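The values are calculated or read from the model by the stated rules, or taken from the named source; none is laboratory data. Please read these numbers as outputs of a predicted model, since none were measured by experiment. Positions of Cβ are generated from backbone atoms using ideal geometry, with glycine treated the same way; all protein chains shown enter the neighbour counts. Calculation scope for accessible area: heavy atoms of the full protein, side chains included, ligands and nucleic acids excluded. Shrake-Rupley method; radii C 1.70, N 1.55, O 1.52, S 1.80 Å.
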Amino acid sequence: MTMTTGNSIPAGPSQWQRFRRSYRHLSGFKAGFGLTTVAALLVMGLFSPWLAPHPPNAQDLMVAMMPPDWTGPNVLGTDHVGRDILSRIIYGSRVSLIIALSVALFASVVGVALGVVAGYFGGRIDSAIQKVVEIFWSFPPLMLAIAIVAFVGQGLAIVIIALTAQRWIPYCRVTRAEAMALRDREFIMAARTLGASDGFIIRHHVLPNVTLSIIVMTSFAMANAIIAESSLSFLGLGVPPSIPTWGGMLSDSRAYISSAWWMALFPGLAIFLTVLGLNLLGDALRNQFDPKLKSH
């Protein structure tokens, strides 16, 4: 039998406790809700043909504007032409997922590339890039997207381009500021003294140091893209009407808001919960990785 003495050293915190203490913001409610929302969006978008109980565009005027029936074939009810609300919400997640990922990807690539180049080199290159930023920044984001779609035409690719047209600017501004702070650091100067090229320094020293900021901004960019796409679809300027979208469902419900509340409620909840989850996830990531907030 093992005997303990009064001078024994107490056991330290376990590895799991140390992990939870170091990443407490990623194990809380915000991160959990956000990750659950992202997972649900991925599952619905990828497996919508198997999850949806009905084809999204199947019309049946005999069951038009049926209220929700939790035990019937139309759990969330039907719209004004008899289409199943639940099926259209599930299929609508595809558009939201594609838009959110594509806009965040393209905006981050363009914004980070321009921001790092402007911040690292400075001088005339920085001035030229900032002039471009000021030109695009002078347009309201949604108005610029509406103008592009109205001029070029509808389509998924056009919507992605229209929403990316200005959403690269936050990436550019943040990475430019961080690159300016990094370019005169000792390890950058040492690499430059050893003969490293500017491209090597940017790839191996600057970009890794701005990665966390990019990750945090991406979650907020995805949420903003979903709201913007829903706004365009609500105005009839999004993807073609044959493709179900949450914003398009809200647009269809305008004339029936007093007699068929479920037509607006459920797609509105889908937008609200998805955007809330992405914002909470971004907030948790910012609290975890922002050195100014780590002490709080």
So with the 1.4 Å probe, I'd like the accessible area per residue for region 162-250, rounded to whole Å². 44
How much net charge surrounds Met222 when only other residues with a Cβ under 12 Å from its Cβ are counted (Lys, Arg +1; Asp, Glu -1)? 0
Could I have the simple spin-label model distance between Ile98 and Leu42, label points 7 Å from Cα toward Cβ, reported in nm to one decimal? 2.0
Please find the FRET efficiency linking Ser242 to Trp137, where r is the Cβ-Cβ separation and R0 is fixed at 30 Å, and quote it to the nearest 0.05. 0.30
For the chain, what are the DSSP H helices with axial Cα length of 15 Å or more and mean Kyte-Doolittle hydropathy of at least 1.0? 29-46, 85-121, 141-152, 156-167, 207-234, 262-289
Trp70 paired with Phe33, simple spin-label distance in nm, labels 7 Å along Cα-to-beta-carbon: 2.3
Amide H partners (placed H, <5 Å) of Ala196, local residues excluded: none
With a Förster radius of 25 Å, plug the Cβ-Cβ distance of Asn209 and Ser127 into 1/(1 + (r/R0)^6) and report the FRET value to the nearest 0.05. 0.60
Sort 241-252, 144-155 by packing, meaning the average of other beta carbons within 10 Å per residue, with the highest value first. 241-252, 144-155
In the chain, what percent of the accessible surface is made up of carbon and sulfur (1.4 Å probe, ligands and nucleic acids excluded)? 67
Modelling each spin label as a point 7 Å along the Cα-to-Cβ direction, I'd like the Leu194/Ala255 distance in nm, to one decimal. 7.0
